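To start, the structure itself, in C-alpha cells.
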Amino acid sequence: MSILSSAVRRTLARFGYELRPSDPAAPPPLAVFLRALEARAPRPLNAVVLDNDASIQAELFRSLTPERVAFASPDFTSPPGTPTSSQLLAPAGRFIAVADLGRFSPEKLLVEFPWLHRAEAWVLRAPLGAFWSGELDLTVIKADLARVGLELSDILQVAPRSFLQTPAGNVILICTAGSLAASHRVAEALAFLSAPITHRRDFEFLAGRGSFGFAAGIYNPGSVFVNGATHLLVRAENAPWAVQKSSEIRFFAASAPLLLRLDEVRRITSAVPLALAGAPDPAGHRAEDFRLFQFRGEIFSNHALISLPEGSAGSDRPLDVSQLQTRVGISRLDPVSPAFTWCGSPTIDRPLDRTEKNWAMFADVDRLLLIYSFAPYVVLTAEKWPELSFAPVLETEIAMPVGDPALAFRNSVNPVPYDDDHWLHIVHQVYPGKQYVFWAILIDRRSLRPVRASARPLARAWHGCAASIIYVCSVIADPAGIRLFAGLDDSSTAVAAIPRARLDAEWIAFPSTPP
C-alpha cells in the first residue's frame with residue numbers, strides 16, 4: 001500500500017469512512033443505471049415521475065436535465081371531469097416511468113395511462129420497512145407485475161442510512177432487460193423481501209441457553225412422532241463456541257445428545273442426556289446435528305461425526321477448524337430405555353470431501369433411501385441392510401423454480417410422508433452471515449424426483465421468526481398441517497405449526513414437470 005493511500009485511509013477513518021474494493025456484482029446506484037440506459041440509443045431519455053420522494057428526484061437530476069423530467073401525483077379519488085394532476089401527457093420520445101410502489105400499483109397506473117406501456121424501463125421505489133412490516137410482499141408484487149406484462153429484472157442500490165434508520169430507507173425495483181448479476185440480486189430480494197410461509201406468531205420457544213444445565217444451549221432438533229409421542233434429539237452444548245475453539249479438548253467434550261419428549265401441547269415433559277454407545281473415541285470425535293427417521297420398526301439418526309485428521313485425540317492447543325473432518329454417521333435410538341447406539345458410517349460410490357454433511361435419509365416401505373446432494377440431485381439406497389453400503393438409484397440435474405441459481409441448494413431435513421403421492425422435503429440456501437433461506441419441496445414417491453416447490457420461502461430469520469439465525473432441522477407432517485423444528489441463534493430450540501392449507505396454496509411445479 002502506498003504512503004498516499006495509507007494517508008487517505010487514515011484521514012477517512014477519522015471521519016468514520018473507509019475505502020473498500022468495488023464489487024462488480026453489487027447493485028448499481030440509480031444514476032449509473034440511468035446513464036447506462038440512456039447510452040443504449042442516440043435519442044435523449046425522459047422520465048415520467050409518479051413519486052414524491054425527494055431522494056429519487058435528486059438521483060434523477062444527476063443524470064437527466066430538469067426539462068426532461070415530468071412530475072405528477074395522480075389523484076384517482078376526484079370525481080370525473082375534475083381538473084387534477086392525473087391528466088398526464090405522454091412524452092414524445094424515449095422515457096422511463098418512475099413510481100411509488102407504496103401508493104400506486106403499476107396495474108392501476110396502466111389503466112389510467114395506457115401509454116406507460118411504452119416505457120423503456122419502470123423504476124419502482126418502496127420503503128424497506130414496508131416489506132419488513134408485512135405491508136408489501138415481493139412475491140405478490142412480482143406476480144402483479146407479470147400480470148401487466150412487466151418483469152422484475154434488477155434491484156438498485158440506494159444511498160446508505162444509519163443502520164438504525166434502515167427501515168426508512170428505500171429499495172428500487174427495476175423492470176427492463178436484466179443481466180445475470182441482476183438475476184441474482186432479484187433472487188436475493190425475493191428471498192428476503194417476500195413474506196415467508198411461516199409467520200413469527202407460529203413459533204413457540206422450547207428451550208435455550210442454560211436449559212437443563214447446558215450453559216450454551218440446546219438446538220438443532222431432530223424429531224420423530226411415534227406411539228403418540230413426539231421425541232426430539234437435540235445438540236446440547238455445555239460451553240460457548242468462544243470457549244470451545246480455545247482448546248481441542250474442550251471442543252470434543254462440549255457437546256452431547258439430549259433426548260426430549262413433548263406432550264400433545266408441545267411442552268417438554270422429560271429431558272435425558274444420552275451417551276453414544278460404541279462410537280469412535282470421544283476424545284477425538286463428536287456427534288452433532290441429529291436427524292431422526294423410522295425404518296423397519298426402529299428409530300435411527302443420521303448425524304454429523306466430527307474428528308481431527310486420522311481421528312487423533314484432542315490436545316489443549318487452540319482448535320484449527322480447517323483441519324476438522326466431518327463424516328455422516330448412523331445410530332439407533334431407543335427412546336424407551338433410553339439408549340443411543342452407534343451403527344457406523346455409510347459407504348457410497350464416490351470420493352468424499354473433507355466435510356460431508358446434509359445427507360438426508362428416509363424409508364420407502366422396506367427400502368432405505370439417502371439423498372446425498374440436492375444439486376446435483378443424487379439418491380442412493382442401502383443394498384443389504386443392516387450393512388451400510390449405499391448404491392445409486394437416481395442422479396440428475398434439476399432446475400429449481402425458486403431461489404438463487406448462484407447458490408447451492410442443500411438438504412435441511414429428512415423427508416417425511418406428506419400424502420399418498422409425495423414426501424415432504426426441505427432444502428436451504430445460505431447467504432452471508434449465516435442467513436439461511438428454506439424452501440419446501442414435494443418429492444414424487446414413484447419417480448423419487450422433486451416435482452413441486454414452495455413459491456415463496458418456507459422460513460427465514462426475522463420476518464418469519466424472532467431470531468437472527470434460524471436452522472430448520474426436522475419436520476413432522478399430519479393431515480392438519482406440519483410442524484417445523486428449528487435451531488435459533490445457535491443456542492435454542494423452537495417449533496412452528498403451519499396449517500396444511502397455507503402450505504398447499506404455495507406449490508408451483510418444477511420447470512420440467514407438467515402441472
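The values are calculated or read from the model by the stated rules, or taken from the named source; none is laboratory data. Values in this document were obtained by computation on a predicted structure and should not be read as measured data. Virtual Cβ from ideal backbone geometry, glycine too; neighbours counted across all protein chains shown. The protein model used for the area step is the full one, side chains on, heavy atoms only, and it has no ligands, DNA or RNA in it. Shrake-Rupley method; radii C 1.70, N 1.55, O 1.52, S 1.80 Å.
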Does the stretch 136-148 include one or more residues that are part of a loop (DSSP other than H, G, I, E, B) and open to solvent by 30 Å² or more (accessible area, probe 1.4 Å)?
-> no
When residues of the stretch 220-243 are filtered for being in a loop (DSSP other than H, G, I, E, B) and either touching a Lys or Arg at 6+ places or on another chain (Cβ under 9 Å) or surrounded by fewer than 16 Cβ atoms within 10 Å (Cβ to Cβ) (or both), how many remain?
-> 4
Return a yes/no flag: does the stretch 407-420 have any residue that is touching a helix residue (DSSP H, G or I) at 6+ places or on another chain (Cβ under 7 Å), under 25 Å from residue 503 (Cβ atoms) and not in a strand (DSSP E or B).
-> no
Any idea how many residues of the stretch 32-55 are under 19 Å from residue 109 (Cα atoms) and not charged (D, E, K, R)?
-> 6
Does any residue of the stretch 306-329 turn out to be part of a strand (DSSP E or B), touching a residue at least 40 places away in the same chain (Cβ under 8 Å), of a type outside the set (A, V, I, L, M) and within 25 Å of residue 384 (Cα to Cα)?
-> yes
Look through 339, 279, 275 and report the one residue that is open to solvent by 70 Å² or more (accessible area, probe 1.4 Å), touching a residue at least 60 places away in the same chain (Cβ under 8 Å) and over 32 Å from the mean Cα position of the chain (by Cα).
-> 275
Being open to solvent by less than 10 Å² (accessible area, probe 1.4 Å) and out of contact with any helix residue (DSSP H, G or I) (no Cβ under 8 Å at 6 or more places or on another chain) is the filter here, so list the residues in the stretch 191-219 that pass it.
-> 191, 196, 198, 207, 208
Return only the number of the condition from (1) open to solvent by 40 Å² or more (accessible area, probe 1.4 Å); (2) within 11 Å of the chain's Cα centre (by Cα); (3) among the hydroxyl-bearing types (Ser, Thr, Tyr) that residue 468 does not satisfy.
-> (2)
With respect to residue 452, determine if the residue is basic (Lys, Arg), part of a strand (DSSP E or B) and modelled with pLDDT of 95 or more.
-> yes
